[in-house]
Each structure stands twice: as structure tokens, then as C-alpha cells.
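Right, one structure below, let's go through it.
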Amino acid sequence: MIIIIAQIILLNRNYLFKIIKGNEGNGTSRYDRKVKTALKSIYRISISRGFNFRTSTTIREVTGFLQVQFPDQSTILTQLTRSLESHIYGSKYIESDDNKYYAGWATFSKNEMGR
Amino acid sequence: MIINITQVGLHLVRTKWDARGFMKMKLEKVEKISDIQHIATEIDTEIRRYVVGYEEVTRNLIISLLSGGHVLLEGVPGIAKTYLAKAFSGSLSMSMKRIQATPDLMPADIVGTRIYNPKALEFEFKQGPIFSNLIVVDEISRAPPKTQSALLEAMQEKQVTVDGSTLELKAPFIVVATKNPIEFEGTFPLPEAQLDRFLMRLIMNYQGQKEEVEMLRRKNIKGEEIDITPVVKASAVLSAQKLLHTSIKASDDMLEYIAEIVRKTRDNDKVMLGASPRASVALLYASKGYAAISEGRNYVVPDDVKAVAFDVLNHRLILRPDVMMESTKSRESWGYGLLHDIIRESIEQVSVRV
């Protein structure tokens, strides 16, 4: 029980979690809907696979963990990480070329979460 | 002869054919971030021909060069600190001077002095080695405090004052100093305020067995010969520095992230004095350098900050005396292990901005 409470407190301090919940700033998300959806699924799958989230966890650390878990998704995850970072930290729009990676990950994550 | 290769956006100068049969080019000007990455690769390739097993140190040395910062290489004797500094300087086509620090080294030996010219019947200023683009200072802690002070002032101000006149140093200007952590006899420890002037302190540990054997293999063939081809000109380094500072952006969230990590070092119980605001600036510049040379990105991500944080912050923390005594008991790590822990803790306490 204590562990679960501690985990919830930690999650609420993690910005990745705040994005997903939509309260990273003034209550409205600054980010593209596709980005939020991808982050949400990345987050959920990594938790289900036992990833130990910390306050300081970065997107790259989570996707790195997932690449080890799902080697067949490595290319998609690499491209997705690049696209997510450029949108979040580089204030860039999602490039049309990246849509296939978002779609590929959406399909994979849907199957994975449906298990 | 200048060749403008538009496909890669680089301005190159034809130099010579190297031992492997490739025509080596000196990079002259940088226009895109991918060019910065290209410069880093060229320097790295040259250094790797001679130095084995210090990839991370080499990378951070290049980051410092491109960020316009100075470097302190620290490690036990015989670990190739000077060899690496020589290889690094050899890969750059710019003026370089080496200063062997000794207890009788005077500020005038570095800065220069006025000498009477009997023909002209007047005193003339003879420039010291500081008037070069790259200065390698071997065993900096052997120089007396007055000389260290003169050198470190030049590092910060990028100018020197002689007889009341201020003289500008060459640009780019980078100091690579070496120091070993074990000798105290006949040495003068660098004051913390002066250590702060180094963008990074790069700690060199022993190579792994595989790397040591590889080093022996190379020595077995070439001995001590170093024939490094200069691949980057001073003008390219200058334009890369300018591009790095102006074209690679760190968002407001990233600036807050950097500042918060630095501030956390000040709250640690084991630390008497944490990192200064100058450390925040250094962390920003080094992170930009890492973003550029690792992936050719024009924006900084938290992983860039994490990657360079230890090398930027480790020499800027003053530990509590009792903690310091405890940490240096372990001669194997020379107290670096504790610094690692403190910096890691500071990073882990800060929420990653997204």
C-alpha cells in the first residue's frame, strides 16, 4: 500500500505524467493530440512492463527501455522519440513523414494494451 | 586552393594526402549544425588513431572547444593526459603552445615581457605563449599561485594587461590543462574560484584491459610517433562556436531544468558550497554542444544536460571538510565517487520538463 502511494506521489511530480493528465501548465495542453496519445501509450506500456518511473525520468529513458522490451519496434520507437522531442523541446510541428511512426506505434500499443 | 563543396555546405581547403591514401581537407567555415557534427567527427577520428579508450573524454574535449570553454584533464600519472592534449591540438590547424608548469614559472613566462631593443632604443613587448589559439598547460598545479592567477585571468577575460595596456588574446582561445590528483609535494592547489573558469573537468580513469592491449599493439608498430593531420582551421572553430550559441535553442523549460539542477547542488548536506550561476551557463553551453555533436539537433533535450552534468559540475562543488576526508579515504576513486553521487542526486531530484 505504501509503495502504491509513494508511486502515485512520484508520478504526480513527473512531467510526463502531467502532460498525459493535461495539467502540465495552465490546465490546457500545449502539445499536439498525437503527441499526447503516443506519450500516454508509451507511459502505460512501460508501467505494465515494470519500468521504474522517477521524477527525473526522460522520454528517451522510457523509450530506451521499451526498445529493449520490444526489439521489433526499435525503429518506430527511435523515430517516435525524435519526433516527440522535436515537438516538445524544439517547438516543431509534427512532420507529415512522422505520421507513419505514430500510426505504427498506435497499432502496436493498441494490441499490446489489449492483451 | 579553396573548394566550395555545396552539397555538404562546408568550405574546405585542400591540404595533403594522408597515410591511408585519402586526401585530407581542413574545414574552414561552418554554416549548418550538421557541419558542427562533421567537425567533431573529423577531430575525433584523428585523435582515435592514437588515443585508445577515452571516447567520452575526447567527445567532451571537442564539446568544450566548440562551446568556447577551457578544459582540465585530471588523472593519475601515465594515463595519457598530455598525450591526449597533444593529439587534440594536433588535429587543429591553429597556433598552439605548450607550457610545462614548474614552481619557478613566472606570470611573465606566460603573458610576455618588455625587452629593451638597443637598435630602436626602446622597450618592446615580447609576447608570451598565451598569445596562441590553444595552450596546453602541463601539470598546472605545479605553477605558483601568482602564475596560475595570471593564466586563469586570461582564460576568463580573454585578454591580458601588461604595463597598464590591455592586449586582446587570439580567437578562438582555449586552454587545456592537465593535473594529477595524487601529488601534493611541490604543488599549489587551484583555488575553487579559479577552477570554476574551466568549462569541464574531465576525469581520466584507467582504460579497460582490451583498450590497454590495443594501445600496446599500436605502440608496438609506431612507437611514440604522432602524425596527426590538422583537420579543422581556427576560422571553422570560430564559426562553429558562433553557430552553437545562436542556432541551438534551449526552451524556457530547459533553462529552468538546468538552473534547478545547479541549485540542487547548493542544498545538498554534504556540500559546503554548491555550483555557481557560472556553472548554470557552462551547463547550458555544454548541453548545446552535446546536442549538436551527438545528433546534429538544434534544440536541447534533458538527456543532453544529464550527459554532460558530471563533467561540468564536478570541480565546482566544495564538499564539507569531514565529508571530503571521508571521501578521499578511498584512494581508488580519489573522492570522485562521492561527487558522482551528489550530482546524480541533484539530477534525480529535479522533474524533467516536457
Compute and list, largest first, the equivalent-ellipsoid semi-axes of segment A:41-92 from the alpha carbon gyration tensor, each √(5λ) rounded to a whole angstrom. 18, 15, 8
Can you say what percent of the DSSP beta bridges in the protein assembly as shown, counting only those with both residues inside, are antiparallel? Round to 5. 50
Connecting every pair of Cα atoms under 10 Å apart in chain B and solving the GNM, the largest mean-square fluctuation among B:Phe125, B:Phe188, B:Phe88 falls on B:Phe125
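From Cα pairs below 8 angstrom and at least 6 apart in sequence, can you work out the relative contact order of chain B, rounded to a whole percent?
21
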Please report the orientation-averaged projected area of segment A:63-115, defined via the convex hull of its C-alpha atoms, in nm². 3.8
Given a 1.4 angstrom probe, what's the average accessible area per residue across chain B, in square angstrom? 46
At a 1.4 Å probe, what is the % contribution of carbon and sulfur to the accessible area of segment A:63-103? 53
Computed accessible area, A:Ile47, all protein chains, 1.4 angstrom probe, square angstrom: 70
Please express the Cα-Cα pair-distance distribution P(r) of segment B:17-168 as a list of whole percents, one per 10 Å bin, running from 0 to the bin with the greatest distance. 9, 33, 31, 19, 7, 1
Quick one: the Cα spread of the protein assembly as shown along its three principal axes, in angstroms, biggest first? 90, 60, 49
When only the heavy atoms of the protein chains count and the probe is 1.4 Å, how do A:Arg49, B:Arg201 rank by accessible area, highest first? A:Arg49, B:Arg201
What average number of partner chain Cβ atoms lie no more than 10 Å from the Cβ of the residues making up A:76-88? 2
Which ³J(HN,Hα) values in Hz, rounded to whole numbers, follow from the phi angles of segment B:210-221 under the Karplus curve 6.51 cos²θ - 1.76 cosθ + 1.60, where θ = phi - 60° and Gly and Pro get x? 4, 5, 5, 5, 4, 4, 4, 4, 5, 5, 5, 8
Rg to Rh for segment B:126-212: what is it, with Cα atoms only and Rh by Kirkwood? 1.03
One-quarter of the Cα convex hull surface for segment B:82-142, in nm²? 5.2
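Would you tally the net charge around A:Phe51, using a Cβ to Cβ cut-off of less than 11 Å, leaving A:Phe51 out, and scoring K and R as +1, D and E as -1?
Computed value for this residue: +2.
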Pairwise burial B:A, computed as accessible area of each alone minus the pair, summed, 1.4 Å, Å²: 1700
Inverse mean reciprocal Cα-Cα distance (Kirkwood Rh) of chain B, Å: 21.5
Please state the equivalent ellipsoid semi-axes for segment B:54-121: what are the square roots of 5 times the Cα gyration tensor eigenvalues, largest first, in whole Å? 32, 16, 11
Whole number please: convex hull volume per residue of the Cα set in segment B:207-288, in Å³? 193
Work out the P(r) tail for segment B:108-170: percent of alpha carbon pairs separated by more than 15 Å, whole number. 53
Counting only residues 5 or more places away or on other chains, whose amide H sits under 5 Å from the amide H of B:Arg114 once H atoms are built in the peptide plane? B:Lys126
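What is the magnitude of the charge dipole of the protein assembly as shown about its Cα centre, with +1 placed on the Cβ of each Lys and Arg, -1 on the Cβ of each Asp and Glu, and no other charges, expressed in debye to the nearest 20?
1140
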Quick one: Kirkwood hydrodynamic radius for segment A:24-112, alpha-carbon pairs, angstrom, one decimal? 13.4
Just from the alpha-carbon atoms, what are the Rg and Dmax of segment B:182-253 in angstroms? 19.7, 52
In debye, nearest 20, what is the charge dipole magnitude of chain B about its Cα centre with +1 on Lys and Arg Cβ and -1 on Asp and Glu Cβ, if you could check? 940
If the viscosity is 1.567 mPa s and the temperature 4 °C, what Stokes-Einstein diffusion coefficient in µm²/s follows for segment B:247-354 when Rh is the Kirkwood radius over Cα pairs? 91
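The values are calculated or read from the model by the stated rules, or taken from the named source; none is laboratory data. Since the model is a prediction, treat every value here as computed from it, not as a measurement. We place every Cβ from the backbone using ideal geometry, glycine too, and count neighbours over all the protein chains shown. For accessibility, only protein heavy atoms count, side chains too; no ligands or nucleic acids. Shrake-Rupley method; radii C 1.70, N 1.55, O 1.52, S 1.80 Å.
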